[in-house]
Amino acid sequence: MSARILVADDEDSLRWVLEKGLHQAGYEVTAVKDGAAAVRAVEAEPFDLVLLDVRMPGMDGLTALGKMRELRPTASIVVMTAHGTMETAIQAMQRGAYDYLTKPFDLDEVLLLAQRALEAGRLTQEVTRLKTGMQEVREFSALIGRHARMQDVYKTIGRIAGSDVTVLLRGESGTGKELVARAIHHYSRRAGRPFVAVSCAAIPGTLLESEMFGHERGAFTDAKERRLGKFELAHGGTLYLDEIGDMPLELQTKLLRALQERTIERLGGQEPIRIDVRVLAATNRDLEAGMRDGTFREDLYYRLNVVTLNLPPLRERRRDIPLLVEHFLAKHGPELGERGVAPDALDRLVGHDWPGNVRELENVVQRAMVMATSGVILPEHLPIGPVSAAASVAVDASLEEIIERKLLECVRGLREHSSANLYDLMIGLVEKPLLRAVLRETNGNQVRAAQILGINRNTLRKKLTEHGIDPDTLEG
């Protein structure tokens, strides 16, 4: 992906030489002739490097430099001046310039400095990304689940993140479609570039076209300045189109053309603009029904539906609810205080159908943490009704998961204990019912029971004595 460079200089010949030389070196170049135009350009487009003359009519270069730094903190800015005094250099550095060039200079000198400045900008972005890395880890940790369908989601993210394939995310509201989209972007080669999201349902159809494709000054009554759309803002990165099923039919045609030709046109514009964007789309609507009733284009559907990733509703993976509850307790703990969940409250959470899915669960847990001033969340702290005992058990839970859930209830609250002899206690609690169950199955036959357990008969006798189990009382 070629870097975008802005050249601002009032000298026509120098501006022409720089524009031509940088373009031949493989950069995308925009040239303007005064400080005010440079500031407007930086406000409108995410330039990677700005070559800025100090003395220009109207707004001078140092004033423009300060405004640019506010608009684009990560952009590298190089000041050009024919008056290379120490004062100018110091002021330029104080206002955030990467370096400065003293006129006259060679084109090779400019190209070398541009290369260094762009590399410095990339390193700055990388540092910024690393600083926010922990926040991203916490964010993606909400993609919790041991259910087989969630495991399939993780595997699919791993398979598709490295490519530029278009992905259609499907699932009910609140299942985490945008979170999955951000994870795909985060683990892709585009991770250092923008992730831009646009909701096709939240923006009126009359404004959505301008929002996505941008507009030129004078394109319509209120278009007083040129504005970049989401496609251009996402250049080099990922564009996430949420609720794609709500997009007006006439705009679907323009989106299809952009996906096919990799170019767009701003409203009121005449020139095609090349875009390098990966598109991820999401919907909770039945797009197949939309194709049948004519509200969704069939060709756009197949263009978007290269890879489909279906996110399961929370009610179909109830075994993951205790894990999510623990996650949200930890997430909001620093703000609301450490909280625990009483077993009957957890049963109520597991038994609820969660029409709002994970988003609703987090809101309920957060509210309960506020209400539970004693430190333990009780059923009365939950804004959801009681459920039957049968509904409180995850129907898809395995034996291991049921045991683990019960063990979590047992060990909760023991963090402050230096020693609780927990290992021996838990082994005993599991071992005793296991021995009783096997002896019942074998009608008290200890030889057969020892074979099933995979231990010798003497060991079985010893354990029966330790646990006070009389095999004669367990027949049949």
Qualifying residues in segment 347-361 (those that are free of Cβ contacts under 8 Å to residues at least 40 places away in the same chain and buried (at least 19 other Cβ atoms within 10 Å of the Cβ)) - the one farthest from LEU407 (Cα to Cα): HIS352
Answer from GLU250, GLU225, GLU209 - the residue that is in a loop (DSSP other than H, G, I, E, B), farther than 30 Å from GLY162 by Cβ and more than 21 Å from the chain's Cα centre (by Cα): GLU225
Residue list for segment 163-190, filter: more than 10 Å from the chain's Cα centre (by Cα) and crowded, with 16+ Cβ neighbours inside 10 Å: THR166, VAL167, LEU168, LEU169, ARG170, GLY171, GLU172, GLY174, THR175, SER188, ARG190
Residue count, segment 443-472 (criterion: in contact with a helix residue (DSSP H, G or I) (Cβ under 7 Å, 6 or more places away or on another chain), surrounded by 12 or more Cβ atoms within 10 Å (Cβ to Cβ) and part of a loop (DSSP other than H, G, I, E, B)): 2
Among the candidates PHE220, PHE195, PHE231, residue that is buried (at least 21 other Cβ atoms within 10 Å of the Cβ) and either of a type outside the set (Val, Ile, Thr) or in the same structural domain as VAL29 (by TED's automatic domain parsing) (or both): PHE231
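So which of GLU70, GLU43, GLU28 is without any contact (Cβ under 8 Å) to a residue 12 or more places away in the chain, of a type in the set (Asp, Glu) and under 23 Å from ALA234 (Cα atoms)?
Details: GLU43 fails: without any contact (Cβ under 8 Å) to a residue 12 or more places away in the chain; GLU28 fails: without any contact (Cβ under 8 Å) to a residue 12 or more places away in the chain.
Step by step, each of GLU70, GLU43, GLU28 is checked, and only GLU70 is without any contact (Cβ under 8 Å) to a residue 12 or more places away in the chain, of a type in the set (Asp, Glu) and under 23 Å from ALA234 (Cα atoms).
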Extreme residue, nearest to the chain's Cα centre (by Cα), among residues of segment 318-346 that are surrounded by fewer than 22 Cβ atoms within 10 Å (Cβ to Cβ) and acidic (Asp, Glu): GLU326
Which numbered condition GLY174 misses (of (1) part of a helix (DSSP H, G or I); (2) touching an Asp or Glu at 6+ places or on another chain (Cβ under 8 Å); (3) in contact (Cβ under 8 Å) with a residue 60 or more places away in the chain): (1)
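Check segment 429-438 and report whether any residue there is exposed (fewer than 10 other Cβ atoms within 10 Å of the Cβ) and modelled with pLDDT of 80 or more.
Initially, segment 429-438 is screened for residues exposed (fewer than 10 other Cβ atoms within 10 Å of the Cβ), giving none.
No, that holds for no residue.
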Extreme residue, modelled with the highest pLDDT, among residues of segment 118-162 that are part of a loop (DSSP other than H, G, I, E, B) and surrounded by 14 or more Cβ atoms within 10 Å (Cβ to Cβ): ALA161
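The values are calculated or read from the model by the stated rules, or taken from the named source; none is laboratory data. Note that the structure is a prediction, hence the values are computed from the model and not measured. Glycine also receives a Cβ, built like all others from the backbone with ideal geometry; neighbour counts cover every protein chain displayed.
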